[in-house]
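> I'd like to ask you about the structure that follows.
FYI, it's all coordinate maths here, none of it is from the lab. Given the structure is predicted, the values throughout are model-derived calculations rather than measurements. Heads up, the Cβs are rebuilt from the backbone with ideal geometry, glycines too, and the neighbour counts pull from every protein chain shown.
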Amino acid sequence: MKFKRFTLVSKQLATILPILATTMASPVVVRAADPDWVAHGAYGMVAADSELASIIGKGILVNGGNAIDAAVAVSFALAVTRPYSTGLGGGGFFMARLGDQKYVVQDFRETAPAASTQDMFVAPPASAGTRPSEIGALAVAIPGMVAGRAEALSKWGTMPLEMVVAPAVRLAREGYPVDADYVRVTKEIAKEFKKNPTLEKTCSYVWKTHLNEGKFHAVGDILKQPALANLIEKIGKEGPDAFYKGEVATAIAKTIADGGGIMTEKDLAGYKTKLRKPIKVEFRGHEFLLMPPPSSGGIAIAQMLTMLSVFPKHRDVDQARTMHYRIEAMKHAFADRAKYLGDTDFANVPVRELLSNRHAIGKVSKTRPNKTGSPDQYGTHGLVSDSGTSHFSIVDNEGKVVVSSETINTEFGSLLAVDDWGLILNNEMDDFTAQPGKPNTFGLMQSKTNAIAPGKRPLSSMSPTIVMKSDKAVLMIGASGGPRIITAVLNVALGVIVDGLSLPDAVERIRPHHQWQPNEVYFDKDPSASIETALKERGHIVSEKRKTAAVQAVRWDGSQWVGVSDPRKGGKPSGY
Ligand code: GLY
């Protein structure tokens, strides 16, 4: 069955573009024992959460493109094949190693419109509908995706935009077979439409194109998105201004105004990417390069690694105690996230103090090996499913690497789309502290530091991460899944570096997640009875809910690249 589906996808792709036909014929190292979510390659690797996007990225590499060319091709392909996770109406982060000691960190996160105010969701007009920070026009922040990808390509890539977006245009125009993850999400999101039938009209593009008016597409059905094909093609030919100015910007602003939102053509024309400096932390002979604010992931992961370095005996024979310490580190880091983190261009975030050994030692000294504490012992500030996010990791044969996470926030974003251009708009305004004192859609509590302000970028959990050893990039990792991104990256990195697991085993293994509030440990699959009992004996509340994140990672295993696309989301990597 699996083989049949793969043949269908391969055959279809081979007809899509000559570039892909070349790719399919390129040498691939296949190990009999590998599941299909693992790939090996001597020269290059793309691990995306969509098989078609990984194959397209590898096509670019095989045909002489570098990791940045491949990243931009993958990103536009994901807009077509994972329309609920990402797209041109979203934004994200991009980190690349371009050569010895040369790193770039690009922030193309969505930004609050000029007319936004701190309290805009506290008492919104009735016309804004229910949950206006999540659904509809007010939820939309200025998208950064097109600006980010076009800038990365022109600064660090080698190929023209028109060439790298061509596979995505063909996929959108000629269609591709949808997979199980797509079908699962459309059925999940249909519950929103059932609760609120007016969405069938106000969000008719998602309702008609993706939910098939409640009849749903089945696995293997061919999905065509001709309007999106036209938009990507136009951007490829004319560049990013085709999105931020002119008829597309006018159509976006009209959709927003008709839906009672505030983003204008001027907001779109004024969007700018930002270059940032990575957060660096040493851990067990490795150097981690992490995403700085407005991501919370880099600071949180750095804090947890530093705490785990100073715990008395972080990795010992007692598996339950090891997990307990890791969960304690999560509780401390998420309590700090809630209290201190936000966009550093607007708020005063004590980054240096949060990253200091002194701060970590202070936290660790309060930690007991056999008992967890109540939430107020970790932090006192009010605080915040895989969701509308996608991550990919890429290496090329020149040693350049890219890790990039992109998002429209929750599945199908605000549900609102610009119909004529097949453009689904994000709901990133909900990543701000939209309602002070109340958790956001991910259950995360946040502070004034992350309050809404014009031009400000909402706090993110996206955590694209590069791990170096002896000046070589050895592990590229990131995830989708809201706050669980942060702990998924930590869990997988610890699995490889501390627990000595292979990358596939580290990704597949069960993951604990604690975000301080709610005061519960979540697992993505059922924990063993012994672990559950041992955690409960230490006072942890173990949730019965299963919550997940999807990791896409590439590792150098000493002789070749190993790519892993998390089986939890159904992507597949592609290497050569
Ligand atoms: N919108 C999800 C995140 O940025 O964390």
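> Measure out, as a whole number of angstrom, how far apart the alpha-carbon centroids of the range 101-127 and the range 229-254 sit.
Measuring centre to centre over Cα atoms gives 21 Å.
> Additional query: Along the charge dipole of the chain, Cβ charges K/R +1 and D/E -1, which of Gly175, Val564, Thr111 sits furthest on the positive end?
Val564
> If you don't mind, another one. How large are Rg and Dmax for the range 170-221 when only the alpha carbon atoms are used, in Å?
Computed over the Cα atoms of the range 170-221, radius of gyration and Dmax are 11.5, 35 Å.
> Based on the Cα gyration tensor of the range 399-514, what are the three equivalent ellipsoid semi-axes, each the root of five times an eigenvalue, rounded to whole Å and given largest first?
On the way: eigenvalues 188, 66, 41 Å².
Equivalent ellipsoid of the range 399-514: 31, 18, 14 Å, largest first.
> Where the centroid of each part is defined by its Cα atoms, how far is the range 369-441 from the range 65-96 in Å?
Each part's Cα centre sits 16 Å from the other's.
> Along the charge dipole of the chain, which of Thr407, Ile60, Thr372 sits closest to the positive end, that is, farthest toward it, with unit charges on the beta carbon of Lys, Arg, Asp and Glu (+1, +1, -1, -1)?
Toward the positive end, the furthest listed residue is Thr372.
> Could I ask something else about it? If every alpha-carbon in the range 79-232 counts as one equal scatterer, what log10 I(q)/I(0) does Debye give at q = 0.11, 0.17, 0.21 1/Å?
Cα-only, vacuum Debye calculation for the range 79-232: -0.58, -1.16, -1.35.
> So, one more: List residues of the range 244-280, by number, whose backbone nitrogen lies under 19 Å from a label position 7 Å along Cα→C-beta of Asp345.
244-245, 263-279
> Hey, got the Cα dimensions of the range 169-311 along the principal axes, in Å, largest first?
Taking max minus min along each principal axis of the Cα atoms, the range 169-311 gives 55, 38, 33 Å.
> Next question, about the same structure. P(r) tail for the range 497-576, what percent of Cα pairs lie past 15 Å?
On the way: 2013 of 3160 pairs.
Pairs farther apart than 15 Å: 64 percent.
> Let me ask something else about it. Compare the peptides 341-350, 355-364, 416-425 by average per-residue count of other Cβ atoms within 10 angstrom and give them in order, highest first. Mind dumping the intermediate values first?
On the way: 341-350: 18.5, 355-364: 16.2, 416-425: 24.0.
The peptides rank, most packed first, as 416-425, 341-350, 355-364.
> Return P(r) of the range 87-130 (all Cα-Cα pairs; 5 Å bins starting at 0; whole %; ordered from short to long distances).
5, 14, 15, 14, 15, 12, 8, 6, 5, 4, 2, 0
> Once label points are set 7 Å from the Cα along Cα→Cβ at both Lys448 and Arg368, what is their separation, rounded to one decimal in nm?
Computed distance between label sites Lys448 and Arg368 equals 3.5 nm.
> Work out the FRET efficiency for Asn196 and Asp526 from their Cβ-Cβ distance, taking R0 = 41 Å, and round it to the nearest 0.05. Can you show the working numbers first?
Values: r = 33 Å, r/R0 = 0.81.
FRET efficiency, Asn196 to Asp526: 0.80.
> Would you mind working out the magnitude of the charge dipole of the range 474-548 relative to its Cα centre, with +1 at each Lys and Arg C-beta and -1 at each Asp and Glu C-beta, to the nearest 20 Debye?
Dipole size: approximately 200 debye.
> So, one more: Go ahead and collect, in residue order, the members of the range 458-481 whose backbone nitrogen is under 20 Å from a label point 7 Å along the Cα-Cβ direction of Asp100.
Counting backbone N atoms under 20 Å from the label point, the list is 467-475.
> Then there's this: Which of the trypsin sites (Lys or Arg not before Pro) across the range 525-559 are loop residues per DSSP, with 16 or fewer other Cβ within 10 Å? Don't jump to the answer; show the numbers that get you there.
Values: sites: Lys525, Lys536, Arg538, Lys545, Arg546, Lys547, Arg555; in loops: Lys525, Arg538, Lys547.
Counting only loop positions with at most 16 other Cβ atoms within 10 Å, the trypsin sites (Lys or Arg not before Pro) in the range 525-559 are Lys525.
> Let me ask something else. Divide, for the range 281-370, the radius of gyration over alpha carbons by 2.2 N^0.38 Å, where N is the residue count.
Details: Rg = 13.3 Å, N = 90, 2.2 N^0.38 = 12.2 Å.
This ratio for the range 281-370 stands at 1.09.
> Which value, in Å to one decimal place, does the Kirkwood hydrodynamic radius take for the chain when every pair of different Cα atoms is included? Before the final figure, lay out each step's value.
Numbers: mean 1/r = 0.0427 Å⁻¹.
Result for the chain stands at 23.4 Å.
> Taking the radius of gyration and the Kirkwood hydrodynamic radius from Cα positions alone, what is the Rg/Rh ratio for the range 246-323, to two decimal places? Walk me through the numbers on the way to the answer.
On the way: Rg = 22.2 Å, Rh = 16.6 Å.
Rg/Rh: 1.33.
> Further, regarding this structure: Where nothing but the Cβ of Lys and Arg (+1) and of Asp and Glu (-1) is charged, how large is the charge dipole of the chain around its Cα centre, in debye to the nearest 20?
Values: 68 positive and 59 negative charges, 204 e Å.
Taking the Cα centre of the chain as origin, the dipole is about 980 debye.
> Based on the alpha-carbon gyration tensor of the range 209-289 and its eigenvalue square roots a ≥ b ≥ c, which shape applies: rounded if a/c is under 1.5, prolate if not and a/b is larger than b/c, or oblate? Before the final figure, lay out the partial values.
Numbers: a/c = 2.17, a/b = 1.32, b/c = 1.64.
Because a/c hits 1.5 or more and a/b fails to exceed b/c, the range 209-289 counts as oblate.
> Hey, rough spin-label estimate for Gln377 and Ser356, points 7 angstrom out along Cα→Cβ, what's it come to in nanometres?
2.5
> Return P(r) of the range 330-472 (all Cα-Cα pairs; 10 Å bins starting at 0; whole %; ordered from short to long distances).
10, 29, 32, 22, 6, 1
> Okay, next question. Can you list the HN-Hα couplings for the range 177-189, worked out from phi with the Karplus curve (6.51, -1.76, 1.60; θ = phi - 60°), rounded to whole Hz and with x for Gly and Pro?
After applying 6.51 cos²θ - 1.76 cosθ + 1.60, I find x, 6, 10, 5, 5, 4, 5, 4, 5, 4, 6, 5, 6 Hz.
> OK, next. From the P(r) of the range 128-186, can you give the percent of Cα pairs sitting at distances over 13 Å?
That tail contains 76 percent of the Cα-Cα pairs.
> On to the next question. Tally Lys and Arg at +1 and Asp and Glu at -1 over the other residues with C-beta under 12 Å from the C-beta of Glu233: what net charge comes out?
Details: positive: Arg170, Arg173, Lys234, Lys237; negative: Glu162, Glu238.
Local net charge: +2.
> Using alpha-carbon positions, what is the distance between the centroids of the range 287-304 and the range 537-576, in Å?
The range 287-304 and the range 537-576 have Cα centres spaced 18 Å from each other.
> Can you find, among Val72, Tyr84, Leu153, the residue sitting farthest towards the positive end of the charge dipole of the range 41-195, where Lys and Arg contribute +1 and Asp and Glu -1 at Cβ?
With unit charges placed on the Cβ atoms, the residue in question is Tyr84.
> With the cut-off at 1.5 for a/c, could you classify the range 384-433 from its C-alpha gyration tensor as rounded, prolate or oblate? Present the calculation step by step, with values, prior to reporting the outcome.
Details: a/c = 3.34, a/b = 1.75, b/c = 1.92.
Oblate shape, in that a/c is at least 1.5 and b/c is the bigger or equal ratio.
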